[in-house]
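Below is one structure; the comments refer to it alone.
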Amino acid sequence: ISQLAQFSSLEEMQKLSGAVDDVVGQFRSTQALQASAMVGKTVLAPSGVGILGAEGEISGTIEVPASTGGLRVSVQSQSGELVRQLDLGSRPAGVQSFSWDGQDGNGNPLPQGPYKIVAEASYPGGPQQLATMVSANVDSVSLGQGGSITLNLAGMGSIALSDVKQIN
């Protein structure tokens with residue numbers, strides 16, 4: 001009788017395991033469907049490089065840890081040449097937005113492609129470089145083993161969905 005009870009218990013556990021596997025499969029399918037809806041969207045992702053596209057603008061945010069008397073964004077070409085400097089002035093602590101119109105300091109439009117974005121804040125102890133988040137277009141989505149989702153960003157490579165700070 002105890003063996004019959006054990007077999008019955010084992011059979012119930014196998015059914016439960018199968019049901020859990022079904023739920024996991026449905027969850028992954030839902031996740032894949034939601035991820036595919038990201039294609040064509042713009043996301044805010046951590047990066048020191050922005051892609052100047054046909055729209056002619058690179059925008060993003062800077063996390064300012066403490067109020068600063070001078071926040072500056074430098075835009076550099078791939079070769080490291082300074083092409084434009086944006087003086088954002090005094091800013092309080094928090095997330096600060098920036099936008100570059102794709103033009104050099106003389107108002108000439110620059111070619112499409114990648115540009116390095118460097119944010120720097122002035123503090124009494126000296127200047128401090130700050131991390132930037134840049135807007136990027138989602139070209140495609142990849143689903144990895146175990147259900148991980150990777151976004152493939154136009155001209156910027158791949159990042160994990162968990163690294164995205166905002167979806168537009």
Region 1-149 - accessible surface per residue (Å², probe 1.4 Å): 60
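Using a 1.4 angstrom probe on the protein heavy atoms only, line up ASP101, ASP87 by accessible area, largest first. Don't skip to the end; give the middle numbers.
Details: ASP101 75, ASP87 125 Å².
Accessible-area ranking of ASP101, ASP87, largest first: ASP87, ASP101.
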Carbon plus sulfur fraction of accessible area for region 1-156, probe 1.4 Å, in percent: 52
Could you run the Debye sum over the Cα atoms of the chain, one equal point scatterer each and no solvent, and tell me log10 of I(q)/I(0) at q = 0.11, 0.12 Å⁻¹, two decimals? -0.58, -0.65
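Kirkwood hydrodynamic radius of region 26-79 from all distinct Cα pairs, in Å? Kindly include the intermediate steps, with their values, before the conclusion.
On the way: mean 1/r = 0.0667 Å⁻¹.
So the Kirkwood estimate lands at 15.0 Å.
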Give the accessible area for VAL39 in Å² (nearest 10); use a 1.4 Å probe, count only protein heavy atoms, and leave out ligands, DNA and RNA. 70
Return one number: the angle in degrees, 0 to 90 and rounded to the nearest 10, between the long axis of the Cα atoms of helix 2-36 and the longest principal axis of the Cα atoms of the chain. 30
With all protein chains in place and a 1.4 Å probe, MET156 shows an accessible area in Å² (nearest 10) of 50
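The values are calculated or read from the model by the stated rules, or taken from the named source; none is laboratory data. Keep in mind the model is a prediction, meaning the values are calculated, not measured. Heads up: the accessible areas ignore ligands, DNA and RNA and are worked out on the full protein's heavy atoms, side chains in. Shrake-Rupley method; radii C 1.70, N 1.55, O 1.52, S 1.80 Å.
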